[in-house]
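Read the structure below first, then the notes.
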Amino acid sequence: MITRRPYEEKEERTGKEDENLESVEMQEHTLREIVLPGEMVAEKKGRKLGDNVYEEDDKIFAKVVGISVVNENEIKIIPMAGVYIPKINDKVIGVITEVGISGWTVDINSPYISFLPVSEGVDEFVDTNRMDISRFFDVGDVIFCKVSKVTKNKTIRVSMRSLGARKLYGGAIVKVQPTKIPRIIGKAGSMINLIKTKTGCVIYVGKNGVIWIRGDNNIKAIEAILTIERESHTVGLTDKIDKMLGGSAGYAGVGYASSGGPSKESSQESKQE
Amino acid sequence: MAKTEEKLIVNGKRLDGRAFADLRPVRMQVGVVERADGSAQVSFGNTEAIVSAYGPRKLFPRFMQEQDTGIIRYRYNMAAFSTSDRVQPGTSRRGIEISKVSRIAFEPVIFLEDFPVTTIDVFTEIIQADGSTRVTGINAASLALATAGIPMRNLITACSVGKVDGELVVDLNGQEDNNSDADVAIAMIVPKEKLTLLQMDGLLTKEELFKILDMGRDTCKKIYEMQKSAIKEAYKPKPEKTEKTEKEAKTEKEKNRKVKEER
């Protein structure tokens, strides 16, 4: 239960919430050959259909250009490109584009615009007849929120009632291909934590391909992220980024260092996994 | 009936030296338009098309939106400088027709129902025209849509087959196209052997049409392999520049400079 209003939240929690994001084990699949739309991936054999595949005569075909992931339970394709299609419980970074009477319209870098109702955005009672809700969020504000509802014809609702949901002040926004986000986060957050430690920046990563960065050394962080996006399908990327950011390790000790970097808890968690 | 007195087929070969079932030199490249979601440049001989694909993206005006499915907006356009006579820029009767049939060629393979209320935009620009422009555009659009990450059942492959001087030939060039007895444009899903576009202009017998469909299928199979390798080529890891090669390049540049100065 969140007791404080989101916009009053301090930076205590920064850096931890990204670990909740799903990280795909892309590393081991990088050497696999690329599949094209219409190519057969595998026989179904009672397995679940994952993303970006379709079934025909008990055979599984690819829908998009990507790398196939076939395991005991599931068959799916990690696409090489594509837009962000909202899914429930995704954590995204959005920009307020419109202040309405009972909520806000949020641009979440997707073909579909989303709506943030007052009840989901603020924790206190708000009388919408008397109060202008732009005092909570105004046009141009950046928020870290959760997709709470997706209907059949893709009407999207987002919510601030989620761990880590907050308004983001200042900073810079970088947009990358949404399909490259798992690679930017890395296995159990390894890649993003590397960038955080080396640059000392506060970084929030939205599933929708929007990345918010604040810190003295943000140029280096942005460069690193764009490099990952460009070379996401190559091997040994973590080492390359490590080398690339090598000179700035000293920044980890100052500024926003407390919020960046892998915490002890997270490293223990990844060991357990 | 050939409109020119010049023979288009001499000694069993076409004017450019091709056999009846030969394609012109084909070049395919993806990712040529940096800002597009997906793009491709395809050339068959002198015919050259650049296609960029966008989407799925927001669709306005609102009355165009479909609540249960997405739509495709396909634009086929010939550049003013693409032929020897200047093409009047803007929409033309021919352009509207080709845009429509090309769009219909793609509708069966794109998972439009996954993206309600949105649009997928395809812009085909023919920058140089020398026959078979619509099929070149469709081949390029297929690559552009695939690299844009748009979910598709399969790639679409297209080719043209025609009757020139009483002989059935594949991939007509401009001269053959203008003087042909008949011209058939074919687009198909190659692994399924299903047609998504079949247009005929001119006169053919029933037997000839069936022969043309067979030739078209065989040609599409060749083009399909080229399309697949064009996409795979784009995602191959490129060899990194090492310091040595950079140094070598520098020394080469210096050498070239010296040579120039001497001259």
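The values are calculated or read from the model by the stated rules, or taken from the named source; none is laboratory data. Computed from a predicted model, the values in this text were never measured in an experiment. Note that we place each Cβ from the backbone using ideal geometry, even for glycine, and neighbour counts take in every protein chain shown.
Residue by residue, here is whether (1) crowded, with 16+ Cβ neighbours inside 10 Å; (2) farther than 27 Å from B:PRO56 by Cβ; (3) in contact (Cβ under 8 Å) with a residue 40 or more places away in the chain holds:
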position	(1), (2), (3)
A:TRP104	yes, no, no
A:VAL122	yes, yes, yes
A:VAL126	yes, yes, no
A:ARG130	no, yes, no
A:ASP138	no, yes, yes
A:SER148	yes, no, yes
A:LYS154	yes, no, yes
A:VAL158	yes, no, yes
A:GLY164	yes, yes, yes
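Are any residues in segment B:166-196 in contact (Cβ under 8 Å) with a residue 40 or more places away in the chain, closer than 15 Å to B:ASN139 by Cα and either of a type outside the set (Val, Ile, Thr) or within 14 Å of chain A (Cβ to nearest Cβ) (or both), and if so, which ones?
Passing the criteria: B:ASP171, B:ALA185, B:ALA187, B:ILE189, B:THR196.
Do you know which of the residues in segment A:37-60 that are under 23 Å from B:PHE106 (Cβ atoms), in contact (Cβ under 8 Å) with a residue 24 or more places away in the chain and in a strand (DSSP E or B) is nearest to the other protein chains (Cβ to nearest Cβ)?
Looking at residues that are under 23 Å from B:PHE106 (Cβ atoms), in contact (Cβ under 8 Å) with a residue 24 or more places away in the chain and in a strand (DSSP E or B), I get A:VAL53.
Any residue at all in segment B:43-61 that is within 14 Å of another protein chain (Cβ to nearest Cβ), of a type in the set (Phe, Trp, Tyr) and in contact (Cβ under 8 Å) with a residue 24 or more places away in the chain?
yes
Take residues that are within 30 Å of A:PRO111 (Cβ to Cβ) and tell me which of the strands (runs of 3 or more DSSP E) falling wholly in segment B:137-242 contain 3 or more.
Because the criterion is at least 3 residues that are within 30 Å of A:PRO111 (Cβ to Cβ), the strands (runs of 3 or more DSSP E) in segment B:137-242 that meet it are B:182-189, B:194-202.
What single numbered condition from (1) more than 23 Å from the chain's Cα centre (by Cα); (2) within 14 Å of chain B (Cβ to nearest Cβ); (3) within 26 Å of A:LYS180 (Cβ to Cβ); (4) modelled with pLDDT of 90 or more fails to hold for A:ARG32?
(4)
Conditions: (1) more than 21 Å from the chain's Cα centre (by Cα); (2) among the small types (Gly, Ala, Ser); (3) within 14 Å of another protein chain (Cβ to nearest Cβ). A:GLY66 meets all but one. Number of the miss?
(1)
Output the residue which, of all residues in segment A:197-236 that are buried (at least 22 other Cβ atoms within 10 Å of the Cβ), under 15 Å from the mean Cα position of the chain (by Cα) and not hydrophobic (A, V, I, L, M, F, W, C), is farthest from B:LYS236 (Cα to Cα).
A:TYR204
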